[in-house]
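Dumping the structure here so I can ask a few things about it.
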Amino acid sequence: MLPYSWIIPLFPLISFVAIVFFTNRKPKLSSLVSIGAICLSFLFSLIVLGMVLKNPVTSEFKFTWIDLLGLKVQMGMLIDPLAAVMLLVVSTVSMLVHIYSVGYMEGDPRFSRFFSFLSLFSFSMLGLVIANNFFEIFIFWELVGLTSYLLIGFWFEKKVAADAGKKAFITTRTGDLGFIIGILILTTAAGTFNFTEIFHQVEAGHVSAGLLTLSAIFLFGGAVGKSAQFPLHVWLPDAMEGPTPVSALIHAATMVAAGVYLVARTITIYLAAPDAALVVASIGCFTAFLAASIGLVQNDIKRVLAYSTISQLGYMIMVLGLGGMTAGIFHLYTHAFFKALLFLGAGSVIHAIHTNDIWEMGGLYPKMKTTAITFIIASLSISGIFPLSGFWSKDEILAVASHYPNPIFLIVGILVAGMTSFYMFRLCFVTFFGKPRDQHKFEHAHESPKVMTIPLMILAFLAVFAGWVGIPWLKHGFSSFVYHHHPHHVEPDFLLMLISTIVALSGIYLAYAMYYKKSISPEKLKEKFAFPYKVLYNKYYFDELYHAIIVNPLLRLCDRLFVKFDLGVIDWLVNAVGNFTVFLSDIKEWFDSHIVDGMVNGTAYVTRGVGSGLRKVQTGQVQTYAFVIFFGLVLIILFKLG
Amino acid sequence: MNFPILSAMTFTPLLGMVLILLLRKEQKNAARFLAGVFSFIPLILSFMLLSKYDGSTSQLQFVERFDWIPSLGVTYFMGADGLSVPMLFLTALLCFVAVIYSFGDIKERVKQYFAFLLLLEVGLMGVFAALDFFLFYIFWEIVLVPMYFLIGIWGHGRKEYSAIKFFLYTLFGSLFMLVGILALYFTVEPHTLDMMVLIEKAPQLTRGFQLIIFLAFYIAFAVKVPVFPFHTWLPDAHVDAPTAVSVILAGILLKMGVYGFLRISYPMFPEGAIYFALPIGILALINIVYGALVCMAQKDLKKMIAYSSVSHMGYCMLGIAAITVTGISGCVFQMVSHGLITGALFLLVGVLYERAHTRDIGAFGGLWIKLPVYSGIMTLFCLGSLGLPGLSGFVSEFMVFIGSYPSFKVIVPLAVTGVVITAAYFLRMIQRMFLGTFNTKWEVLTEINGREIFTVTPLAILMIGIGVYPAPLVNMIKATMENIVRLVSG
């Protein structure tokens, strides 16, 4: 089976082509084709995972794509435990989102198109995780970026949606700049694109330390863009303009985790370049805090979740930078399920009451029990409450951080855990409990159809139990499956577990006190900390800053270059040369017509004048001659006489 | 003697031109029909060329050679290798597409138009097939004449200005080439105009001579490419030309310059190529980044695409400058890819202009609702142009970057920024024209028709084909590219 793993991404590709060319007009059929394809991918991913579990070795299959002097690319697949886990995560979430979308997108005029894009995305994402070389991973990397662009701007009639898609594509491409340069440096030094070969060379010390650090930092640029890390995090919150199932699949569970996956896949390079790894850890740590702090005060349910995603991705990036490859991927794995669940739950709410603003919600629990309960389960999981999935993965991250000499990572990690549980339960309490704030919307609220709630229940199950494969007491758990070189066994640290649980519970309690019991007034806090609140509410003014220092000056520069330089200088010169030539020819024409022609004509005039004068001398008329002779004789006579 | 396929490809359109000229002025459809047939025959022949071409060797193939003016050493010498075969195919394809497209939008002086278009094809084919300088120069100059009239008579806007600017600019360049050819002719013993002989002998000339002649040819070819700062004829000519002519201008004419570098300048004057590598690389960088920045400032769709050509031809020059097999292969790949993509983009601009009579990007909005097929196709080609993986532009850009990075460790990373700017201006254009709220003023627009789809379909198929699996094209050009690099860097 393994050599045929390429069939996993192939199913959705076929579905994409089929929908675009054949079933576009038949929405029902399109969704069935798309769901069928992703189910097959899921099934095969399970089989692959089973085989890799049984025999956890790395298998590679490749064929030559380009063969040139200095450029040999062999496309193929790299199937190892990391890839197998990613295949399963992607296909599971994707499958559930596909099913959920049937309900969520019902009646949309571009229903078929939506499913074709979902298929295209699944193809690209599944391709990305099995890529065996930098060239290939970059290809799929860009393709997932494209589908993200297409799906964010799916409702393109809304200007904000179209803008958000553009912003996402350009911002992530800015990160890809680094990715490309990193690939250039690394592959030029190593002489190959193949992951395995490059890692061998790196470990054998064939790539100089300076180049390695440089390339590792540039490569990380790609991850910063895709995984929405500081300073390129600004696109992800805007991406929430896309349909909610898309936010769940692409902008929470899978594509944004591609950056994390990239760092994990190339962890060999980061382990060999400790300076670069420190950059990675620091960016991740800073982002985790930055995003969580913004999430505390946002009012759009999806944006809170988006900042939460950024923050959690920061967690993963941080722990990868600290060398905890297993912990990073473990958190990616558990996060995919509970974050997808949170988004789909939010989607269910939005579907029911048609607003994103949490202050127009409230008291929805009795009306939407399944949504509410699953949402709360996911919130407990992300907050790291024992014994849900999130508890185990978050604990492993903190455990890795606690082994790092500098305590800053651990402190920020615990702080972020507290902030996370606070903002999540702020959402829970405001949305599902208390009194309805918008009576009209409340009355129209209803539980979503089964096709939407069943995926929620499955994900809730996973949000609780998926993490159990990584319980530290297990002999053959997650950490003895996905690891770099040596299984990474973290001894259970009970003190740390206790601290993180206390912090998480305090966050929940604070949210409870502020938004349920109302014993602490959020309004008063807002007044008391007016300035920090304003800064957080405005997301530290990153968008405004970027517009002021990058976007607008760049547009002005382009305009100036075109008008002042291209037209004003270069083309002016060209025209000046042209006009000068015309001027010269004018002068020459004047010279020609007045001087040269003047002389020519003058000669002619003179000649003609002389000629016509002389002609009179020889008219051929006898009378004239006789007259002249006579006249001459008279003159001679007069002369002689005188 | 085998079937003279190159001559056949070159002169079939000439025969078509003569037949069209024999028609009466009113026989518009007959002129269209003849033009279609006589541009289709070279396309068929070019498929034969592709199938018979043996890519495993850099040897000349399909050679035809006769004495022509023996006293001057002028021969009728044609042949093809891995550099010219893709160009000949591209020429045949784009000329055919241009003719088919013109069925719709040319309604005045139809007979003359198609006669000129076919004459243009003769010149273009000849340039890529000729291997004797005399012959090459004749074809090179033939191209100018029909182009001048096509822009000047059937163009839009300041068409006379643009036509003259184009003509004089190129003529200015060709003069330098003529001087270079003559200098070569009189320096090399025995006097010859045979390019293959010159490729052997010219590199043995003194360094100073090589540098000077390299510069003379550089100017001639740089105007054509065009290399900054000789590029301002391009936006004027492209914008004011009729659609089909813009396609040929961008798709093929610009490649004549790059072809000249690879066929003549680099193999004949390796000293010059090596000595000027850095300035050429820097100018290429300016082309890429400057061209892209200027694109961002454009309000006219056609002008934006014209300037995007300036940027994209920069990749070709960057690939050449490094003198590596990968870089030069990337350059040739980019020539083909740019020909397909930009050719299609100009066609699509024409499709819209014919219906809306404006090309102002800001005047549209939300067109996707009204014209989903058109918008989809346009977006596909824009994605190709901005280097999306899976489409041909990506492969060529990456090859250029990888090939030139070892030589230019600073220039290439700077050039990579062009990729982001390109994405920015294309997405900005897509967003302003096709997304957002529908501008109801355009309720009257009709969807792209069957003939128009027919013209862009082969281009789309090839763009995707070589983007997904580039090996066939790469293998075709590989041996020749290796040979060029060997000739230059020994």
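The values are calculated or read from the model by the stated rules, or taken from the named source; none is laboratory data. Everything numeric here is computed off the predicted structure, so don't read it as measured data. Glycine gets a Cβ as well: all are built from the backbone with ideal geometry, and neighbour counts include every protein chain shown.
Could you list all residues from the stretch B:277-289 that are surrounded by fewer than 24 Cβ atoms within 10 Å (Cβ to Cβ) and within 14 Å of another protein chain (Cβ to nearest Cβ)?
B:LEU283, B:ILE286, B:VAL289
While we're here: Aliphatic (A, V, I, L, M) and either farther than 30 Å from B:ILE164 by Cβ or modelled with pLDDT of 90 or more (or both), is that true of A:ILE550?
Details: aliphatic (A, V, I, L, M): yes; either farther than 30 Å from B:ILE164 by Cβ or modelled with pLDDT of 90 or more (or both): yes.
So A:ILE550 fits the description; yes.
Name the single residue, out of those in the stretch A:140-152 being within 13 Å of B:LEU383 (Cα to Cα) and touching a residue at least 40 places away in the same chain (Cβ under 8 Å), that is farthest from the other protein chains (Cβ to nearest Cβ).
Only one residue fits best here, namely A:THR147.
For B:VAL456, state whether it is under 26 Å from the mean Cα position of the chain (by Cα), facing another protein chain (nearest Cβ under 9 Å) and buried (at least 18 other Cβ atoms within 10 Å of the Cβ).
Working: under 26 Å from the mean Cα position of the chain (by Cα): yes; facing another protein chain (nearest Cβ under 9 Å): no; buried (at least 18 other Cβ atoms within 10 Å of the Cβ): yes.
Against the criterion (under 26 Å from the mean Cα position of the chain (by Cα), facing another protein chain (nearest Cβ under 9 Å) and buried (at least 18 other Cβ atoms within 10 Å of the Cβ)), B:VAL456 does not qualify.
Within the stretch A:246-280, how many residues turn out to be more than 17 Å from the chain's Cα centre (by Cα) and touching a residue at least 12 places away in the same chain (Cβ under 8 Å)?
Counting residues in the stretch A:246-280 that are more than 17 Å from the chain's Cα centre (by Cα) and touching a residue at least 12 places away in the same chain (Cβ under 8 Å) gives 16.
Here's something else I'd like to know. Only one of these conditions is not met by A:LEU88: (1) under 30 Å from B:GLY465 (Cβ atoms); (2) at pLDDT 90 or above. Which number is it?
(1)
Conditions (1) surrounded by 23 or more Cβ atoms within 10 Å (Cβ to Cβ); (2) within 14 Å of chain B (Cβ to nearest Cβ); (3) in a strand (DSSP E or B), marked per residue:
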site	(1), (2), (3)
A:ILE66	yes, yes, yes
A:MET86	yes, no, no
A:VAL93	yes, no, no
A:VAL97	yes, no, no
A:GLY103	no, no, no
A:ARG113	no, yes, no
A:SER116	yes, yes, no
A:SER119	yes, no, no
A:LEU128	yes, yes, no
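Cβ-Cβ below 6 Å, separation at least six or inter-chain, first residue in the stretch B:139-158 and within 15 Å of B:HIS238 (Cα to Cα), second of a type in the set (S, T, N, Q): which pairs?
Between residues of the stretch B:139-158 that are within 15 Å of B:HIS238 (Cα to Cα) and residues that are of a type in the set (S, T, N, Q), the close pairs are B:LEU144/B:THR170; B:ILE151/B:SER162.
Looking only at the stretch B:372-389, which residues are buried (at least 24 other Cβ atoms within 10 Å of the Cβ) and in contact (Cβ under 8 Å) with a residue 60 or more places away in the chain?
Result: B:PHE381, B:GLY384, B:SER385.
Can you tell me which residue within the stretch B:412-428, out of those that are in contact (Cβ under 8 Å) with a residue 40 or more places away in the chain and surrounded by fewer than 21 Cβ atoms within 10 Å (Cβ to Cβ), is nearest to B:LYS302 (Cα to Cα)?
B:ARG428
Within the stretch B:371-430, count every residue that is among the aliphatic types (A, V, I, L, M), part of a loop (DSSP other than H, G, I, E, B) and facing another protein chain (nearest Cβ under 8 Å). I'd like the intermediate steps shown before the answer.
Quick first cut of the stretch B:371-430, residues among the aliphatic types (A, V, I, L, M) only: B:371, B:373, B:377-378, B:380, B:383, B:386, B:388, B:391, B:395, B:399-400, B:402, B:410-412, B:414-416, B:419-421, B:423-424, B:427, B:429-430.
Add one more test, that the residue is part of a loop (DSSP other than H, G, I, E, B), and what stays is B:371, B:386, B:388, B:391, B:410.
Applying the additional criterion that residues be facing another protein chain (nearest Cβ under 8 Å) yields B:388.
Number of matching residues: 1.
One line per residue, one yes/no per condition, for (1) in contact with a Ser or Thr (Cβ under 7 Å, 6 or more places away or on another chain); (2) under 20 Å from A:SER379 (Cβ atoms); (3) not in a helix (DSSP H, G or I):
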site	(1), (2), (3)
A:GLY221	no, no, no
A:VAL246	no, no, no
A:VAL256	yes, yes, no
A:VAL263	no, no, no
A:ALA276	yes, no, no
A:ILE283	no, no, no
A:ILE294	no, yes, no
A:GLN298	no, yes, yes
A:VAL304	no, yes, no
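Here is a yes/no grid of residues against (1) buried (at least 23 other Cβ atoms within 10 Å of the Cβ); (2) more than 8 Å from chain B (Cβ to nearest Cβ); (3) closer than 19 Å to A:GLU136 by Cβ:
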{"residue": "A:PHE154", "(1), (2), (3)": "no, yes, no"}
{"residue": "A:VAL160", "(1), (2), (3)": "no, yes, no"}
{"residue": "A:ALA164", "(1), (2), (3)": "no, yes, no"}
{"residue": "A:PHE169", "(1), (2), (3)": "yes, no, no"}
{"residue": "A:ILE180", "(1), (2), (3)": "yes, no, yes"}
{"residue": "A:ILE183", "(1), (2), (3)": "yes, yes, yes"}
{"residue": "A:THR192", "(1), (2), (3)": "no, yes, yes"}
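Further question on the same structure: Given the options B:MET463, B:MET481, name the one that is farther than 23 Å from A:GLU136 by Cβ, modelled with pLDDT of 90 or more and out of contact with any strand residue (DSSP E or B) (no Cβ under 7 Å at 6 or more places or on another chain).
Only one candidate qualifies: B:MET481.
Restricting to the stretch B:259-274, give me the number of residues that are closer than 16 Å to B:VAL143 by Cα and not hydroxyl-bearing (Ser, Thr, Tyr). Spell out how you get there, then give the answer.
Start the filter on the stretch B:259-274 by keeping residues that are closer than 16 Å to B:VAL143 by Cα, which leaves B:259-260.
If we keep only those that are not hydroxyl-bearing (Ser, Thr, Tyr) too, we end up with B:260.
The qualifying residues number 1.
Here's something else I'd like to know. Picking from B:TYR315, B:TYR307, which residue would you name as being within 10 Å of chain A (Cβ to nearest Cβ) and buried (at least 24 other Cβ atoms within 10 Å of the Cβ)?
Testing whether each residue is within 10 Å of chain A (Cβ to nearest Cβ) and buried (at least 24 other Cβ atoms within 10 Å of the Cβ) leaves just B:TYR307.
Please go through (1) modelled with pLDDT under 90; (2) within 30 Å of A:LEU555 (Cβ to Cβ) for B:VAL444 and return the number of the only condition it doesn't satisfy.
Against the list (1) modelled with pLDDT under 90; (2) within 30 Å of A:LEU555 (Cβ to Cβ), B:VAL444 comes up short only on (2).
Conditions (1) within 14 Å of chain B (Cβ to nearest Cβ); (2) surrounded by fewer than 11 Cβ atoms within 10 Å (Cβ to Cβ); (3) of a type in the set (Ser, Thr, Tyr), marked per residue:
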| site | (1), (2), (3) |
| --- | --- |
| A:ALA504 | no, no, no |
| A:VAL535 | no, no, no |
| A:LEU555 | yes, no, no |
| A:ASP559 | yes, no, no |
| A:ASP566 | yes, no, no |
| A:THR581 | yes, no, yes |
| A:SER585 | yes, no, yes |
| A:ILE595 | no, no, no |
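While we're on this one: May I ask you to verify whether B:ASP132 is over 23 Å from B:ASP240 (Cβ atoms), in contact (Cβ under 8 Å) with a residue 60 or more places away in the chain and of a type in the set (D, E, K, R)? Spell out how you get there, then give the answer.
Working: over 23 Å from B:ASP240 (Cβ atoms): yes; in contact (Cβ under 8 Å) with a residue 60 or more places away in the chain: yes; of a type in the set (D, E, K, R): yes.
When the stated conditions are applied, B:ASP132 passes them.
All but one of (1) touching a helix residue (DSSP H, G or I) at 6+ places or on another chain (Cβ under 7 Å); (2) free of Cβ contacts under 8 Å to residues at least 60 places away in the same chain hold for A:SER101; state the number of the condition that does not hold.
Unmet condition: (2).
Give just the number: which of (1) surrounded by fewer than 17 Cβ atoms within 10 Å (Cβ to Cβ); (2) assigned to a loop (DSSP other than H, G, I, E, B); (3) at pLDDT 85 or above does A:MET457 not satisfy?
Result: A:MET457 passes all but (2).
Return the total of residues in the stretch B:390-411 being surrounded by fewer than 22 Cβ atoms within 10 Å (Cβ to Cβ) and in contact with a Gly (Cβ under 9 Å, 6 or more places away or on another chain).
Within the stretch B:390-411, residues that are surrounded by fewer than 22 Cβ atoms within 10 Å (Cβ to Cβ) and in contact with a Gly (Cβ under 9 Å, 6 or more places away or on another chain) number 4.
A:ILE570: within 50 Å of the chain's Cα centre (by Cα), surrounded by fewer than 11 Cβ atoms within 10 Å (Cβ to Cβ) and without any contact (Cβ under 8 Å) to a residue 12 or more places away in the chain, yes or no?
In short, no.
Are there helices (runs of 4 or more DSSP H) fully within the stretch A:572-642 with at least 2 residues that are over 30 Å from B:TRP233 (Cα atoms)? List them.
In the stretch A:572-642, the matching helices (runs of 4 or more DSSP H) lie at A:597-615, A:622-641.
Within the stretch A:68-84, restricting attention to residues that are farther than 17 Å from A:ALA336 by Cα, among the aliphatic types (A, V, I, L, M) and in contact (Cβ under 8 Å) with a residue 12 or more places away in the chain, which residue is surrounded by the most Cβ atoms within 10 Å (Cβ to Cβ)?
Filtering first and then ranking leaves A:ILE79.
With respect to A:PHE542, determine if the residue is exposed (fewer than 15 other Cβ atoms within 10 Å of the Cβ) and either within 12 Å of another protein chain (Cβ to nearest Cβ) or on the phi < 0 side of the Ramachandran plot (or both).
Taking the combined requirement at face value, the residue does not satisfy it.
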